[in-house]
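Read through the structure below, which is laid out as structure tokens, and then see the notes.
The values are calculated or read from the model by the stated rules, or taken from the named source; none is laboratory data. Please read these numbers as outputs of a predicted model, since none were measured by experiment. Cβ: placed from backbone, ideal geometry, glycine included. Neighbour counts: every protein chain shown. Protein only, heavy atoms only, side chains kept; ligands, DNA and RNA dropped before computing areas. Shrake-Rupley method; radii C 1.70, N 1.55, O 1.52, S 1.80 Å.
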Amino acid sequence: MATGLDQAAGMSLIVFSLMLMTYYSIWVIVLPFVDSSHVLHKYFLPREYSVILPGIAAVILLLCIGAFTAFVTWKNQKPKKVN
């Protein structure tokens with residue numbers, strides 16, 4: 001059973017993810033149809049970053065997964081027996 005701290009951490013991750021997804025969706029889907037002089041544009045980065053930032057995040061994620069896999073594989077190697 002999860003403790004209260006685990007549940008709070010999980011809920012905060014869910015809320016953060018929902019906020020990030022909402023922000024990104026508005027940035028990518030809605031903002032191109034809003035006039036460039038509208039006040040809403042000052043709350044978002046330029047559109048070029050909507051492709052660059054997720055790409056960088058994907059590369060970092062793949063590097064972390066690769067490093068974790070290499071670490072686990074290296075730690076689980078059994079020593080070779082000398083005959």
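Please indicate, with yes or no, whether at least one residue in the stretch 45-60 is closer than 18 Å to residue 21 by Cβ, of a type in the set (A, V, I, L, M) and not in a helix (DSSP H, G or I).
Yes, the stretch 45-60 contains at least one residue that is closer than 18 Å to residue 21 by Cβ, of a type in the set (A, V, I, L, M) and not in a helix (DSSP H, G or I).
With the condition kept exactly as written, say whether any residue in the stretch 1-13 is of a type in the set (Val, Ile, Thr) and in a helix (DSSP H, G or I).
no
Looking at (1) in a helix (DSSP H, G or I); (2) exposed (fewer than 10 other Cβ atoms within 10 Å of the Cβ), which is the one condition that is false for residue 81?
(1)
Quick check: is even one residue across the stretch 34-41 part of a helix (DSSP H, G or I) and either surrounded by 10 or more Cβ atoms within 10 Å (Cβ to Cβ) or of a type in the set (Ser, Thr, Tyr) (or both)?
Checked against the condition, which is being part of a helix (DSSP H, G or I) and either surrounded by 10 or more Cβ atoms within 10 Å (Cβ to Cβ) or of a type in the set (Ser, Thr, Tyr) (or both), the stretch 34-41 yields at least one hit.
Among (1) open to solvent by 90 Å² or more (accessible area, probe 1.4 Å); (2) in contact (Cβ under 8 Å) with a residue 24 or more places away in the chain, where does residue 50 come up short?
Result: residue 50 passes all but (1).
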